[in-house]
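Below you'll find the structure, written out as structure tokens, and then a few comments.
Taken together, the values in this text are just the output of simple stated rules run on the coordinates, not laboratory data. Predicted model, so just to flag it, every value in this text is computed and none were measured. Neighbour counts are summed over all protein chains in view; Cβ atoms, including those assigned to glycine, are modelled from backbone coordinates with ideal geometry.
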Amino acid sequence: MQFFNTLTRKKEEFMPIDSREVRLYTCGPTVYNYAHIGNFRAYMFEDLLKRYLIYKGYKVKHVMNLTDVDDKIIKAIYRQNISITDYTQTYKDAFFRDLETLGILRADITPAATETIPEMVELVRSLLQKGFAYTTDEGSVYFQIAKFPGYGKLANLNTDEMQKGKRVENDEYEKEELRDFALWKGYKEEDGDVYWETELGKGRPGWHIECSAMSTKYLGNHFDIHCGGVDNIFPHHENEIAQSEGATGEKFVNYWMHCKHLIVDGQKMSKSLGNVYSLRDILEKGYSPEAIRLVLLNTHYRQTLNFTFEKLDAAEKNILKMRSFFKSLCNTDTSAAQFGPLVTEAEAEFDNCLADDLNISGAVGALFNLMKSVNSDLEGRKISETDAQKIMEFMKKSDSVLNVGRYEEALKAEDLSSEEYTLIAQRLEAKKAKNWAEADRIRDLFKEKGILLKDGPDGTTWERS
RNA sequence: GGCGACGUACCCAAAUGGCUAAGGGAGCGGUCUGCAAAAUCGUUAUUUACCGGUUCAAUUCCGGUCGUCGCCUCCA
């Protein structure tokens, strides 16, 4: 399989360091607010990557950090006058709930920055010792970019010519060179009671250091894949490379993968436009988590995803179609098998597409192509037991990656009570007797319960809405 | 200013140096049906922003034009 590596700016054959286990680090949220769909686009891309690796038989060791101390959090708790842990816990909990709703596999380890302070301090000490960092009078520690020759290779930036921007106010700390970045921020009054007393002095960690510390702690100095949104390329990931490789002298990460951003209705998300949607906002509009998942999944990760409600509507229909196709496979007879080669072909196509830098459109296309061919060749006739089994197996297997059909669950959830079965039988009797009033009465009865009765040539089927 | 990406039908979106340029949504036409809904079938790009070049052959490679977008210090 091939992935596009940001570091080399080309697709590369993927070879994990350990042939059986892939070590994966993904940048997690800053827990200062509820996550929005843009955030989830990134986690969805990472979920696709992870599920596909698992589909290919790899074990995946996945670490995702939680940034639970930073400027925004400190400002917020100061305003609201609550403790930092109370504040961040709310958003940590909400984050994991949302991931579960979207069917995103949880990372094996989700360390928080505030739980990794000793490791960060150790890393900074090592950088100081090796001469990559310096301490200022205020007790802050900075990474000295001039000392690290490869700086800029990930973002493809020539840092010598980096614009000397005017917006230095963002960073009120004094440093030798503008481009140097903070490893440790010396205590300031605004920090209130957010500080740690360490060998580096009283203060708090810089942002970039936590990812270097956590990834190394759980995945080793050198691991396979590191993911995030494109905005992380610079400066965050560039700085991580500098810190980690500076400290260990080893290569940090083999494959860097970044997804592009999500926009809404063709526009950048912004509070003033009122288009910053949380997961709950969209669920409240009546859309299913699976449809949201499919929309977030269905645009290639290196392409800007334009999130629209039209796409959600289409996704709902796609999922309905997939499930209804799966359901029709339960209706078999003794006809001869004929679709074996078609299924094999679809499965190969599905796999090949994903193996090509996660070409999701092609993979989903393979699935729909199969459904179309089968339906069209069948023309209303029933399918053989052997074919049904083969196709169901492929549908379920592909759904271990897509996780939108959830076929067996969906079938189970649709099952009716014995009273309801009796009613449907009664309705069929009424229909036979051409007692349309009674038949419609029963149909309305079901409708009130959110169950749609559908009369077909072989009797009545139903669907929960 | 520097670095980079993109422009495929009404909309979304793959693929490819030459075979019918996937698939989905929407529209239209049919099947099914007491009615309905759903499902399902068929159909919708002589053509890949525009102009040149390379080539037997380009939408695909190269150059230019126009347009959209991202990054260049803490936003997934």
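Could you look through segment A:12-51, keep only residues that are within 15 Å of RNA strand B (Cβ to nearest atom), among the hydroxyl-bearing types (S, T, Y) and more than 21 Å from A:K75 (Cβ to Cβ), and pick out the one that is farthest from the chain's Cα centre (by Cα)?
Ranking the qualifying residues of segment A:12-51, first place goes to A:Y25.
Tell me, which helices (runs of 4 or more DSSP H) lie completely within segment A:391-465 with 2 or more residues that are aromatic (F, W, Y) and under 30 Å from A:L49 (Cβ atoms)?
Helices (runs of 4 or more DSSP H) meeting the threshold: none at all.
For segment A:353-390, what are the residues that are more than 7 Å from RNA strand B (Cβ to nearest atom), in a loop (DSSP other than H, G, I, E, B) and surrounded by fewer than 21 Cβ atoms within 10 Å (Cβ to Cβ)?
If the condition is that a residue be more than 7 Å from RNA strand B (Cβ to nearest atom), in a loop (DSSP other than H, G, I, E, B) and surrounded by fewer than 21 Cβ atoms within 10 Å (Cβ to Cβ), then A:D357, A:R381, A:K382 are the ones that fit.
Hey, can you tell me all the residues within segment A:118-141 that are among the β-branched types (V, I, T) and crowded, with 18+ Cβ neighbours inside 10 Å?
Within segment A:118-141, A:V121, A:V124, A:V141 qualify.
For segment A:217-239, state whether one or more residues are touching a strand residue (DSSP E or B) at 6+ places or on another chain (Cβ under 9 Å), farther than 26 Å from A:A112 by Cα and aliphatic (A, V, I, L, M).
no
Give the residue, chosen from A:V276, A:V343, A:V295, that is farther than 30 Å from A:V124 by Cβ, within 13 Å of RNA strand B (Cβ to nearest atom), assigned to a helix (DSSP H, G or I) and of a type in the set (V, I, T).
One residue alone meets the criteria, A:V295.
Those residues that are under 30 Å from A:D191 (Cβ atoms) and away from RNA strand B (no atom under 12 Å from the Cβ), I need them from segment A:52-73; list them, please.
Across segment A:52-73, the qualifying residues are A:V63, A:D68.
Among the residues of segment A:304-316, are any away from RNA strand B (no atom under 14 Å from the Cβ) and part of a helix (DSSP H, G or I)?
So far as segment A:304-316 goes, no, none of its residues is away from RNA strand B (no atom under 14 Å from the Cβ) and part of a helix (DSSP H, G or I).
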